[in-house]
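The values are calculated or read from the model by the stated rules, or taken from the named source; none is laboratory data. All values reported here derive from a predicted model rather than from experimental measurement. As a convention, Cβ positions derive from the backbone with ideal geometry for all residues, glycine included, and neighbour counts pool all protein chains shown.
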Amino acid sequence: MKVEFFKHNIGSRELDDLKRTLDGLFLTTGKEVERFERELAAFLDLPHAVGVTSCTAAMQIALTGLGVQPGDEVITTPLSFAATALAVIQAGATPVFADVEPDTGNLDPAQVEKAVTGRTRAILPVHLGGLMCDMRALRTIADNHSLVIVEDAAHALEASRDGVRVGELGDAACFSFYPTKSITSGEGGAVATRHGKLDRKLRLLRYHGMSRSAQERYGKNDVSYLIVTMGWKYNMDNIHAALLHGQLERAREFHSRRQELAARYRALLADVPGISLPPQYPDARHAHHLFTIGVPPGQRAAFLRAMTRRGVGVSVNYSPPIHLHPFFRERYGLAEGRFPVAESIAAATVTLPLYPLLTNSEADYVAGCVAELAGSFPG
């Protein structure tokens, strides 16, 4: 059997919306983007959402809009895709890593507290795999030290924990619409916020710092504009927005199916020796963006090869951890052993296929391959 690591959910509804957009006049930022921004804000129960070209862009302009400047430090996790830390650098600041919790892989609030210095300006937590960080604890730390919080919620569109949803306690929450995410436009992202002033800043920062967009100038007697601040070319266009409307309407349906598949994996793998399963929290709604298992670190390379030979698409989220990539080692003088919990998780983790189009028989096959290979691990 061949089981792809991921398949997207773009269907006839999205293609109809795309054709309607392509038949229209505006392909750049316009009514389709505005519509999607309203729908996303409503989905998240937040007042504002701003469409951009990627989650990386979202994090950069969110940090900038919240006042992060060159010389500032931003505390974040080493256990994420490198874009999390690169966005901090793109905003002119320095990423400062704190180790993670051994059970969740999320930022450990106790380690965040230890990492705060006089130059710390922000905390950038990542809701790894779709399980939210302890936002109540992080908000307390932020308030005690007058810090802002930008959430990397690329994995967590549907998540909540301890009665808190994404973006509720953070100052901004950033999302990705990359092909493997809950909803996709191929590339794309968004920032959601509860702050009206930040929303207005973000709209300037994503569009060259320009006072009036092309749509706002179209058909007017006065077509002038002014550059009022430093900005970037990060604005989402109508083409990408058109691909997202229908998927967002079905996002809860997609999420429900991923929950079913995650429960199926758990039941099938619960008693397999040598395999560890992701944690469950009774007060958390897991977005189930990823289903990761742990294997003995010394066995992972062989395990990945064997899964691939059996036709199963697998991945690793994330190895090496950010601080062990050459760029970060050399730029910041980081070395192995600095963040042992993140390093131990990174050395053992394997990500299995998990998406709404995955069938029960495919999930059963994947789990069967895992169980078969686990039987060959040294005792």
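Given the options VAL50, VAL3, name the one that is over 23 Å from HIS127 (Cα atoms) and in contact with a strand residue (DSSP E or B) (Cβ under 7 Å, 6 or more places away or on another chain).
Values: VAL50 fails: over 23 Å from HIS127 (Cα atoms).
Among VAL50, VAL3, only VAL3 is over 23 Å from HIS127 (Cα atoms) and in contact with a strand residue (DSSP E or B) (Cβ under 7 Å, 6 or more places away or on another chain).
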Report task. Check every one of the helices (runs of 4 or more DSSP H) wholly within region 177-287 and list those with 3 or more residues that are of a type outside the set (Asp, Glu), touching an Asp or Glu at 6+ places or on another chain (Cβ under 9 Å) and surrounded by fewer than 21 Cβ atoms within 10 Å (Cβ to Cβ). Result -> 238-249, 251-269
Report summary line: Checked region 263-292 for anything small (Gly, Ala, Ser) and out of contact with any Pro (no Cβ under 9 Å at 6 or more places or on another chain); matches are ALA263, ALA267, ALA270, SER276, ALA284, ALA287
Query raised in the report: Checking GLU34 against (1) under 17 Å from ARG206 (Cα atoms); (2) surrounded by fewer than 17 Cβ atoms within 10 Å (Cβ to Cβ); (3) touching a strand residue (DSSP E or B) at 6+ places or on another chain (Cβ under 7 Å); (4) not polar (S, T, N, Q), which single condition isn't satisfied?
Result: (3)
Report task. Scan region 203-221 and report the pairs whose first residue is outside the structural domain of CYS55 (by TED's automatic domain parsing) and whose second residue is buried (at least 19 other Cβ atoms within 10 Å of the Cβ) and modelled with pLDDT of 80 or more, with Cβ atoms within less than 7 Å and a gap of 6+ or a chain change. Result -> none
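Can you work out which of the residues in region 139-161 that are of a type outside the set (S, T, N, Q) and surrounded by fewer than 17 Cβ atoms within 10 Å (Cβ to Cβ) is nearest to ALA190 (Cα to Cα)? Even if it seems obvious, please write down each step before you answer.
Within region 139-161, the first condition is being of a type outside the set (S, T, N, Q), and the residues that meet it are 139, 141-143, 145, 147-159, 161.
Filter once more, keeping what is surrounded by fewer than 17 Cβ atoms within 10 Å (Cβ to Cβ): 143, 145.
On the way: ASP143: 25, HIS145: 27 Å.
Applying the filter and picking the extreme gives ASP143.
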Query raised in the report: What's the number of the condition ALA42 fails, among (1) part of a helix (DSSP H, G or I); (2) in contact with a helix residue (DSSP H, G or I) (Cβ under 9 Å, 6 or more places away or on another chain); (3) not β-branched (Val, Ile, Thr)?
Result: (2)
**Report entry** Filtered residues of region 9-37 (kept if among the polar types (S, T, N, Q) and part of a loop (DSSP other than H, G, I, E, B))
**Finding:** ASN9, THR28, THR29
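Quick check on my filter: what residues within region 60-71 are of a type outside the set (S, T, N, Q) and either at pLDDT below 95 or in a helix (DSSP H, G or I) (or both)?
Taking region 60-71 first, the residues of a type outside the set (S, T, N, Q) are 61-63, 65-68, 70-71.
Passing the criteria: ILE61, ALA62, LEU63, GLY65.
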Query raised in the report: Do the conditions hold for THR292, that is, is it on the phi < 0 side of the Ramachandran plot, at pLDDT 95 or above and surrounded by 15 or more Cβ atoms within 10 Å (Cβ to Cβ)?
Result: yes
**Report entry** Complete set of residues in region 52-104 that are closer than 22 Å to SER182 by Cα and touching a Lys or Arg at 6+ places or on another chain (Cβ under 6 Å)
**Finding:** VAL52
Query raised in the report: Looking only at helices (runs of 4 or more DSSP H) that fall completely inside region 72-157, which ones have 2 or more residues that are within 20 Å of TYR281 (Cα to Cα)?
Result: 109-115, 135-144
Requested in this report: Being in contact with a strand residue (DSSP E or B) (Cβ under 8 Å, 6 or more places away or on another chain), charged (D, E, K, R) and within 25 Å of LYS7 (Cβ to Cβ) is the filter here, so list the residues in region 270-328 that pass it.
Outcome: ARG285, ARG300
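Can you confirm whether ILE89 is surrounded by fewer than 22 Cβ atoms within 10 Å (Cβ to Cβ) and of a type in the set (Val, Ile, Thr)? Show your work before the answer.
Numbers: surrounded by fewer than 22 Cβ atoms within 10 Å (Cβ to Cβ): yes; of a type in the set (Val, Ile, Thr): yes.
Criteria met by ILE89.
Do we find a residue being over 22 Å from THR56 (Cα atoms) and not assigned by TED's automatic domain parsing to the domain that holds ILE293 anywhere in region 257-275? Show your work before the answer.
So the first thing to find is which residues in region 257-275 are over 22 Å from THR56 (Cα atoms), and the list is 257-275.
Right, trim to not assigned by TED's automatic domain parsing to the domain that holds ILE293 and you get none.
No, every residue in region 257-275 fails to be over 22 Å from THR56 (Cα atoms) and not assigned by TED's automatic domain parsing to the domain that holds ILE293.
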